[in-house]
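First up is the structure itself, then whatever we jot down about it.
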Amino acid sequence: MKKSLLTIVLACIAVVASAQIKKPELMVVPSDIWCITNGYYTEVENMGLVTKVPNYKQALQENMGLKLAIAKLNDLMAEREFPLQSLEQMIKNLEQRRMEDNMTMSKAGNELAESPLDEVARMAKCDIILELSWEVKDFGPKHSLSYILEARDAYTAKSIGAASGTGAPSMTADVDVLLEEAIVANMDNFNLRLQDHFTEMQTIGREINLDIKVFANNAAGMDLETEFGGEELVDVINNWLQLNTIQGRFSMPYASENVANFTQVRIPVYDERGRAIDANGFAKQLAKHLRQAPYNIPCKVMVKGLGRAVIVLGEK
């Protein structure tokens, strides 16, 4: 009787603990190679170099197989209680924001600082991007689907893990059915890798990159070697990062009087209100500190995606 009671208690504790584990938010997108192979891309020229950029909107509007594949993968992840963001809805939200911006201010002359995926991910503020590629092969009347599913940290684009495989030949030609048959055997191990990565982030922080630059001939007449109370500005920034990163984790691979690059900057995953923190929000905290006395430095924060921000000093 005592053993039975103990077993029940332990089982209840396990259920409660499981319910309290926060899972990463995911978003499923077609991979670059899938988009380009299937003709869903636009060409962008930058200083003579032509780059093929995936066109998610066109792919979603014209390829029912993609919509079925994303819907099925969303279902499989939802069954495992992973929160999901909709790529299609994020694209609609992004277009609405662009339309509102164009009605209120001129954007002429601004450079394209983010890729389409960066823009969508920043609006969604998801934790992990799942990039899906697949190909259906015919074997007479039967069909088989080969797939690659790669998980990337939405902030750094670093690969977290991947799963791949080929389903058994089937009489159905439906992409969603073929995808489920091919992927389901590998899902649980794949999901464990996602959860392990997110759990580690909550312990040692989320990784971002932060660049500090100085406007040339700025009105403030300062640079990163300007001293405040006998301490150079670059050291002031270093001290602030020591206090505001997780366990003081960051690296400064390069610094000069006009530029300082900070990499592997580990920031909290959430703020005190439980909201996700990105590079832009973290950079704004540092900029606010530098604008205050005794520094009184004008700062401009530039967004470069979820995981990278630039603070330019000297002018607004």
Length gained, residue 98-residue 227, 0.36 nm per residue minus C-alpha separation, equals 42.3 nm
Descending packing, highest mean Cβ count within 10 Å first, for 171-182, 227-238 is 171-182, 227-238
Summing +1 per Lys or Arg and -1 per Asp or Glu among the other residues with Cβ less than 13 Å from residue 42's Cβ gives -1
At the level of C-alpha centres, the distance separating the range 25-65 and the range 250-316, in angstrom, is 31
The lysines whose Cα lies under 19 Å from the Cα of residue 158, excluding any fewer than 8 residues away in the same chain, are 23, 125, 304
Carbon/sulfur accessible area of the chain, % of total, 1.4 Å probe, equals 51
Looking only at lysines whose Cα falls under 21 Å of residue 67's and that sit 8 or more positions away or on another chain, we get 57, 92, 137
Taking every C-alpha to C-alpha distance in the chain and binning by 10 Å from 0, the per-bin percentages run 5, 21, 27, 23, 14, 7, 2, 0, 0
Probe 1.4 Å, heavy atoms of protein chains only: per residue, the accessible area of the chain in Å² is 54
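The values are calculated or read from the model by the stated rules, or taken from the named source; none is laboratory data. This one's a predicted model, so the numbers in the text were calculated from it and none came from an experiment. Using ideal geometry, Cβ is built from the backbone for each residue, glycine included, and neighbour counts are taken over all protein chains shown. All accessible areas refer to the heavy atoms of the entire protein, side chains included, with ligands and DNA or RNA removed. Shrake-Rupley method; radii C 1.70, N 1.55, O 1.52, S 1.80 Å.
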